[in-house]
Amino acid sequence: MKTKKAVSTYSEKTMPYINLKSPEIKEQIDKMANILKKVQLPLTKK
Amino acid sequence: MDKPIYQLQSSSDSLQFVFESISQERIIRKAVAYILSDDNPDLYQLIFGDLKENGDIDILSASNNNDMKQVLTTVVDTLSTFFEHYPMATVAFTGSTSSRTRLYRAAITQFLKETNLYYDVVGITENGILESFNSKGNYVGYLITQKS
């Protein structure tokens with residue numbers, strides 16, 4: 001049986017706003033999408 | 001992991017994380033985000049960079065805050081929380097530059113030394129071939145899944 005590894009410490013502070021729609025993020029997502037397009041195998045876990 | 005990590009803040013859905021990179025000179029806020037793919041309901045892309053005041057993530061910045069190892073350890077540590085909530089997910093990521101992709105290879109090597117009981121990592125070659133992660137492999141991206 002697997003045991004859980006060391007527990008991370010989490011702050012209770014409110015999360016700040018993160019913009020995931022910026023051109024920079026979109027470019028990075030597209031870059032990864034292009035890499036994955038070449039991958040032939042299904043990526044869904046069995 | 002027994003390496004020092006920064007304290008994290010997490011969104012309630014465990015898809016976004018924030019922490020502060022701290023040195024004697026400055027404090028830099030960092031963000032990690034797992035973004036769901038439009039094409040695959042189990043595929044998330046890991047994005048990481050400096051969190052700017054306006055909420056943008058600067059994925060290209062080189063902060064040089066003398067804590068790279070601790071920062072990367074903190075980033076990979078978010079995976080455990082992410083996979084607790086999304087155990088069937090595949091996490092895909094690549095560096096914003098080739099040198100960063102290589103840097104991540106070093107981080108993954110360390111990551112696997114400590115967590116290979118829990119996760120599978122494959123490297124994606126330039127030709128789109130998936131291979132079990134090799135610390136000397138030349139990859140353009142990586143995929144991580146939690147072992148079942």
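Shown here for segment B:1-102: trypsin sites (Lys or Arg not before Pro) in loop regions (DSSP other than H, G, I, E, B) with at most 15 other Cβ atoms within 10 Å, namely B:26, B:52. Each of B:53, B:126, A:24 has some number of other Cβ atoms within 10 Å of its Cβ, and from fewest to most they run B:53, B:126, A:24. For the segment B:83-93, counting C-beta atoms of other chains within 10 Å of every residue's C-beta and taking the mean gives 2. Counting Lys and Arg as +1 and Asp and Glu as -1 over every other residue whose Cβ lies under 12 Å from the Cβ of residue B:95, the net charge comes to +4. The label point for residue B:116 and the one for residue B:62, both projected 7 Å from the Cα toward the Cβ, are 3.1 nm apart. Each of residue A:31 and residue B:148 was given a label point 7 Å from its Cα along the Cα-to-Cβ line. The distance between the two points is 3.3 nm. Shielding by partners for peptide A:22-35, expressed as the average number of C-beta atoms from other protein chains within 10 Å of each residue's C-beta, is 6.
With K and R counted +1 and D and E -1, the other residues having a Cβ less than 11 Å from that of residue B:56 yield a net charge of -2.
For residue B:27 and residue B:135, the FRET efficiency from 1/(1 + (r/R0)^6), where r spans their Cβ atoms and R0 equals 30 Å, is about 0.40.
Throughout, read-outs are computed from the coordinates displayed, never taken from laboratory work. This one's a predicted model, so the numbers in the text were calculated from it and none came from an experiment. Reconstructed Cβ throughout: ideal geometry from the backbone, glycine too, with neighbour counts over all protein chains shown.
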